[in-house]
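Encoded as structure tokens, the structure appears first; notes follow it.
The values are calculated or read from the model by the stated rules, or taken from the named source; none is laboratory data. This one's a predicted model, so the numbers in the text were calculated from it and none came from an experiment. Cβ placement follows ideal geometry from the backbone for every residue including glycine, while neighbour counts extend to all protein chains displayed.
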């Protein structure tokens, strides 16, 4: 009696002890005895081809199901791959910059993130919020001359802007910036600058498991903008506050 085990490996499956080895979750086993023998190469090839067909069908279904941005309730039921095509922009209901959807798009930085995509907020100069935003707009144009303003909003307590910067690999990046008066008990402090920068598309390395990285392009661009402005990081008065 033998155990025929179909695996992707050509090496024989030999148990370390006299007891039969439990079949791996990644294996397709047919138990007919107590010992193990190699799978027929033709059978292994057949299993691989079947796996490729199933994978291709799953990818096609995900692409077909993806579309424009969906309501939050609908987005919760999507896979990370599908959420990469349903990214949300603009402020939250509380009027804050959004965090990064790291399970769908790792090419992102945000002052609202709580993981490795986090970047510290900045302090704008005391004075007019509109004037501070005008300075920031000029800095964005210097760092990324191709940046196009696609959304803006103003109020006595806040200035919001969103730019799109063309990108050869991800179509474009979205930069969102909010300059706002600080909330109690920090009303007397300089205006707060929060932001998010994110690639507009997500691309994956086959077989749709590992997202393609932008090698920190979002972080480097915003760092260059802050350095062009000479603004400091939030809550810091030392020389290091101007460095990252």
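From 243, 209, which residue is at pLDDT below 75 and under 18 Å from the mean Cα position of the chain (by Cα)? When all the criteria are applied, what remains is 209. Listed conditions (1) in contact with a helix residue (DSSP H, G or I) (Cβ under 6 Å, 6 or more places away or on another chain); (2) buried (at least 18 other Cβ atoms within 10 Å of the Cβ); (3) at pLDDT below 95 are all met by residue 229, apart from (3). A single entry from 145, 211, 156, 207 fulfils the requirement of being in contact with a helix residue (DSSP H, G or I) (Cβ under 6 Å, 6 or more places away or on another chain) and either surrounded by 13 or more Cβ atoms within 10 Å (Cβ to Cβ) or at negative phi (or both): 207. Can you find, within region 160-192, the residue that is nearest to the chain's Cα centre (by Cα) among those that are touching a residue at least 12 places away in the same chain (Cβ under 8 Å) and outside any strand (DSSP E or B)? Ranking the candidates gives 170 first.
Tell me which residues, restricted to region 93-121, are surrounded by fewer than 21 Cβ atoms within 10 Å (Cβ to Cβ) and more than 23 Å from residue 210 (Cβ to Cβ). Residues satisfying the conditions are 93, 94, 95, 96, 98, 112, 120, 121.
Within region 122-138, the set of residues being buried (at least 18 other Cβ atoms within 10 Å of the Cβ) and under 25 Å from the mean Cα position of the chain (by Cα) comprises 122, 136.
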